[in-house]
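J.: I'd like to ask you about the structure that follows.
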Amino acid sequence: MPSPLVGRLGPSFSAPAYDPALRQNAAFRPISLSDYAGRWLLFFWYPADFTHVCPTEITALSDRLEQFQELECEILGASTDSVHCHQAWAETPRSANGIAELTFPLLSDRTQNIAREWGVLVEEEGIALRGLFVIDPEGIVQHAAIHSLNIGRSIDETLRVLQAIQSGGLCPSDWKPGQPTL
C-alpha cells in the first residue's frame with residue numbers, strides 16, 4: 001500500500017493536457033506540477049470522460065473556479081483518458097452529458113503512472129478513483145480525499161477545507177470561514 005501523501009511533497013509529473021483557455025488548434029500543452037509552484041492547487045482525479053457522475057463534479061468546479069481563484073487556488077483535473085477525448089468531452093454540450101464551458105485544464109495520464117504515484121489508480125480497470133488533493137504553494141499535499149467511483153464530491157466542502165487549511169489555525173468540526181479557530 002502506498003504511503004500517505006499528506007504532509008509530503010506531491011509526486012512530480014509532466015503530461016499533456018487539454019486546456020480550454022488555448023485556441024482550438026493548440027488546445028493541448030504539457031503541464032507539470034512545478035507549473036503551479038508558489039500557488040495553491042486543487043488537483044483532482046476522476047474515473048473517465050463521458051461518464052455519469054464525473055460531469056456533475058467537473059461542471060460544478062468549473063462554474064465556481066472564480067471562488068477558488070479568489071483564494072489564490074488553481075484547479076487541475078486528471079484522468080487516464082487522452083487529451084483528444086478530453087477535448088471532445090469539453091466540446092459536448094452539458095445537456096448531452098458534456099462539460100462545455102470548462103474553465104480549467106484536464107491532464108491526460110495515458111501511461112497511468114501519475115495516477116499510480118498519487119495512489120488513485122484502479123490497476124485492473126486502468127482508471128482512477130475519485131481523488132482530491134489540496135497542494136500548498138510549496139508543493140506540500142495538505143489534504144487528500146480518495147473515494148469510490150459512484151460518489152460525487154461536494155464543492156462547498158472542498159472550499160471549506162481549502163479555507164480551513166489557509167486559515168493556519170486549528171479548525172474544529174464543522175468550522176466555517178469567519179468562525180474562530182481554536
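J.: Restricting to the stretch 25-57, name every residue that is farther than 24 Å from Gln163 by Cα, in a loop (DSSP other than H, G, I, E, B) and not hydroxyl-bearing (Ser, Thr, Tyr).
T.: Of everything in the stretch 25-57, those that are farther than 24 Å from Gln163 by Cα, in a loop (DSSP other than H, G, I, E, B) and not hydroxyl-bearing (Ser, Thr, Tyr) turn out to be Ala27, Pro47, Ala48, Asp49, Phe50, His52, Val53.
Residues checked against (1) surrounded by fewer than 20 Cβ atoms within 10 Å (Cβ to Cβ); (2) in contact with a Cys (Cβ under 7 Å, 6 or more places away or on another chain); (3) aromatic (Phe, Trp, Tyr):
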site	(1), (2), (3)
Tyr36	yes, no, yes
Glu57	no, no, no
Glu74	yes, no, no
Ala88	yes, no, no
Gly98	yes, no, no
Leu102	no, no, no
Asp109	no, no, no
Glu117	yes, no, no
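J.: Here's a follow-up. Go through the stretch 38-55 and give me each residue that's surrounded by fewer than 18 Cβ atoms within 10 Å (Cβ to Cβ) and under 19 Å from Leu102 (Cα atoms). So that I can check it myself, show each step before the final result.
T.: Initially, the stretch 38-55 is screened for residues surrounded by fewer than 18 Cβ atoms within 10 Å (Cβ to Cβ), giving 38-39, 48, 50-53.
Answer for the stretch 38-55, where residues must be surrounded by fewer than 18 Cβ atoms within 10 Å (Cβ to Cβ) and under 19 Å from Leu102 (Cα atoms): Ala48, Phe50, Thr51, His52, Val53.
J.: So Glu74 ticks every box in (1) among the acidic types (Asp, Glu); (2) more than 24 Å from Ala164 (Cβ to Cβ); (3) within 14 Å of the chain's Cα centre (by Cα) but one. Which box is left unticked?
T.: It fails just one condition, (2).
J.: When Gly131 is evaluated against the numbered criteria (1) free of Cβ contacts under 8 Å to residues at least 24 places away in the same chain; (2) within 22 Å of Cys54 (Cα to Cα); (3) of a type outside the set (Val, Ile, Thr), which criterion, by number, is the only one it fails?
T.: (1)
J.: Of Gly131, Gly152, Gly139, Gly169, which residue is buried (at least 16 other Cβ atoms within 10 Å of the Cβ), in contact with a Leu (Cβ under 9 Å, 6 or more places away or on another chain) and not hydrophobic (A, V, I, L, M, F, W, C)?
T.: Values: Gly131 fails: in contact with a Leu (Cβ under 9 Å, 6 or more places away or on another chain); Gly152 fails: in contact with a Leu (Cβ under 9 Å, 6 or more places away or on another chain); Gly169 fails: buried (at least 16 other Cβ atoms within 10 Å of the Cβ).
On inspection, the qualifying residue turns out to be Gly139.
J.: Continuing with this model, one more query. State all residues of the stretch 15-55 that are within 11 Å of Leu107 (Cβ to Cβ) and basic (Lys, Arg); if no residue qualifies, say none.
T.: Across the stretch 15-55, the qualifying residue is only Arg29.
Quick grid of which residues meet (1) hydrophobic (A, V, I, L, M, F, W, C); (2) closer than 20 Å to Tyr46 by Cβ; (3) at pLDDT 95 or above:
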position	(1), (2), (3)
Leu71	yes, no, yes
Thr92	no, yes, yes
Arg110	no, yes, yes
Trp118	yes, yes, yes
Ala128	yes, yes, yes
His147	no, yes, no
Ile155	yes, yes, yes
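The values are calculated or read from the model by the stated rules, or taken from the named source; none is laboratory data. Owing to the predicted nature of the structure, the values given are computational and were not obtained by experimental measurement. Cβ sites come from the backbone with ideal geometry, for glycine too, and all protein chains shown count toward neighbours.
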